[in-house]
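Student: I have a structure here, written as structure tokens, and I will follow up with some questions on it.
Since every read-out is calculated from the coordinates, none of them should be taken as a lab result. Predicted model only: the values in this text are computed from it and were never measured. Cβ placement follows ideal geometry from the backbone for every residue including glycine, while neighbour counts extend to all protein chains displayed.
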Amino acid sequence: MLKLYEQTIRSRLMLGTARYPSPAVLADAVRAARAEVVTVSLRRESAGERAGQAFWSLVRELGVRVLPNTAGCHAVKEAVTTAHMAREVFGTTWIKLEVIGEDDTLQPDVFGLVDAARILCAEGFEVFPYTTEDLVVAERLLAAGCRVLMPWGAPIGSGRGLNNLFGLTALRAHFADVPLIIDAGLGVPSHAARALELGFDAVLVNTAVAQARDPVQMAAAFAQAVEAGLAARQAGPIEPRDLATPSTPLIGTAFRG
Amino acid sequence: MKILVNGAWRETQRCELAGALEELGYGGSVVSTAVNGEFIAAALRARTTLADGDRVEVLAPMQGG
């Protein structure tokens with residue numbers, strides 16, 4: 001079981017809710033993923049269309065926990081204000097904190113991220129910071145009051161997987177007791193399995209599922225991958241080695257000696 | 001009074017935020033609000049007075065990653 005801010009979560013696969021072909025496909029994908037946590041956002045509402053109201057009804061019917069984000073925020077004040085607004089609308093103190101620093105890669109502005117995290121943690125928010133694999137930034141986020149970290153695998157929506165394996169492995173080793181969730185950049189289920197095999201506690205996937213030719217089937221595939229990755233981690237993988245070792249016993253080999 | 005609602009100029013006869021939202025068609029909606037970049041909790045909307053040219057953000061749940 002995974003514990004995130006006093007909440008026990010069984011599923012190691014979190015799902016984003018954006019970019020699906022339709023609300024019905026989104027709902028089916030959430031079920032196929034067996035996700036307990038989905039990410040949501042806030043956007044300007046048109047009084048005429050009321051699109052947000054329909055979406056919120058759909059999410060509530062799914063019976064999942066929501067993790068609101070501050071996507072699109074480039075400044076500390078924007079992110080903090082968005083967090084306040086999200087807490088009121090979604091009725092949760094959980095916030096996936098994003099402060100974007102660079103538009104081409106959507107790389108976090110880690111300086112703004114730490115400042116915003118400090119403010120929000122002091123106000124009682126339970127902050128899930130979208131960060132890089134940088135150890136020093138991770139230290140600062142924990143010092144600010146975060147008790148979960150969400151390092152990127154690769155740039156959002158890129159599907160490149162675990163871009164910096166060395167850095168991510170070092171992060172996992174350095175913060176052995178902190179829940180670490182790979183957020184962003186995963187493209188295929190094997191990326192998710194790899195993350196769990198490396199000891200990461202969960203993954204958050206959106207584009208790889210939503211933009212797949214069959215999002216529901218891909219959601220199911222990711223669910224199987226995280227289960228396999230977790231089971232493999234718990235089973236204790238062997239260490240890689242440079243030279244071969246025979247798996248078939250050599251004793252009694254025919255035609256020798 | 002003219003106020004900027006979600007980036008578009010709108011005319012309202014009501015000078016308090018709660019009334020303006022009602023007049024503009026947001027009655028009964030699950031929304032969160034900010035005026036001039038400051039979050040205004042739902043409980044404070046009736047006591048929040050708007051001025052000509054104020055920037056009002058009305059946000060609602062939306063898909064997110």
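Student: Between the range A:49-78 and the range B:15-65, what's the alpha-carbon centroid distance in Å?
Tutor: 17 Å
Student: Hey, another quick one. Please arrange A:His84, A:His74 by counting, for each residue, the other beta carbons lying within 10 Å of its beta carbon, fewest first.
Tutor: Working: A:His84 20, A:His74 14.
By the 10 Å Cβ count, ascending, the order reads A:His74, A:His84.
Student: Next up: Where Rh is the Kirkwood radius over the Cα pairs of the range A:1-87, the temperature 4 °C and the viscosity 1.567 mPa s, what D in µm²/s does Stokes-Einstein return? Intermediate results must be reported in sequence, preceding the final value.
Tutor: Values: Rh = 14.3 Å.
In µm²/s, the coefficient rounds to 90.
Student: Okay, next question. Relative contact order of the range A:118-257: what whole-number percent is it, with Cα pairs under 8 angstrom and at least 6 residues apart?
Tutor: On the way: 200 pairs, mean separation 24.7, N = 140.
Averaging sequence separation for qualifying contacts and normalising by length gives 18 percent for the range A:118-257.
Student: Still on this structure: Along each of the three principal axes of the Cα atoms of chain B, give the extent in whole Å, ordering the values from largest to smallest.
Tutor: Computed over the Cα atoms, the extents are 37, 23, 22 Å.
Student: Here's a follow-up. Read phi for every residue in the range A:124-135 and hand back ³J(HN,Hα) as whole Hz from Karplus 6.51 cos²θ - 1.76 cosθ + 1.60, θ = phi - 60°, with x for Gly and Pro.
Tutor: Running phi through 6.51 cos²θ - 1.76 cosθ + 1.60 with θ = phi - 60° gives x, 6, 9, 9, 10, x, 7, 9, 9, 8, 5, 5 Hz.
Student: Let me ask something else. By average Cβ neighbour count within 10 Å, what is the ranking of A:138-151, B:4-17 from highest down?
Tutor: Numbers: A:138-151: 20.4, B:4-17: 14.4.
Put in order of decreasing packing, that is A:138-151, B:4-17.
Student: Around A:Glu139, with a cut-off of 14 angstrom between Cβ atoms, what is the net charge of the other residues, counting Lys and Arg +1 and Asp and Glu -1? Provide the component values of the computation, followed by the final result.
Tutor: Working: positive: A:Arg118, A:Arg140, A:Arg147; negative: A:Glu133, A:Asp134, A:Asp177.
Spelling it out: positives minus negatives among the neighbours equals 0.
Student: Evaluate the Debye formula for chain A with equal point scatterers sitting on the alpha carbons, no solvent, and hand back log10 of I(q)/I(0) at q = 0.13, 0.16 Å⁻¹, in q order, two decimals.
Tutor: Debye curve over Cα of chain A, log10 I(q)/I(0) at q = 0.13, 0.16 Å⁻¹: -0.80, -1.21.
Student: Under a cut-off of 18 Å between alpha-carbon atoms, report the lysines in cross-link reach of A:Lys96, not counting same-chain residues fewer than 8 places apart.
Tutor: Correct list for A:Lys96: A:Lys3, A:Lys77.
Student: Can you pull the percent of Cα pairs in the range A:128-257 with separation above 26 Å? Walk me through the intermediate numbers first.
Tutor: Numbers: 2757 of 8385 pairs.
That tail contains 33 percent of the Cα-Cα pairs.
Student: Report Rg(Cα)/(2.2 N^0.38 Å) for the range A:56-166, keeping two decimals.
Tutor: Numbers: Rg = 14.0 Å, N = 111, 2.2 N^0.38 = 13.2 Å.
Dividing the Cα Rg of the range A:56-166 by 2.2 N^0.38 Å gives 1.06.
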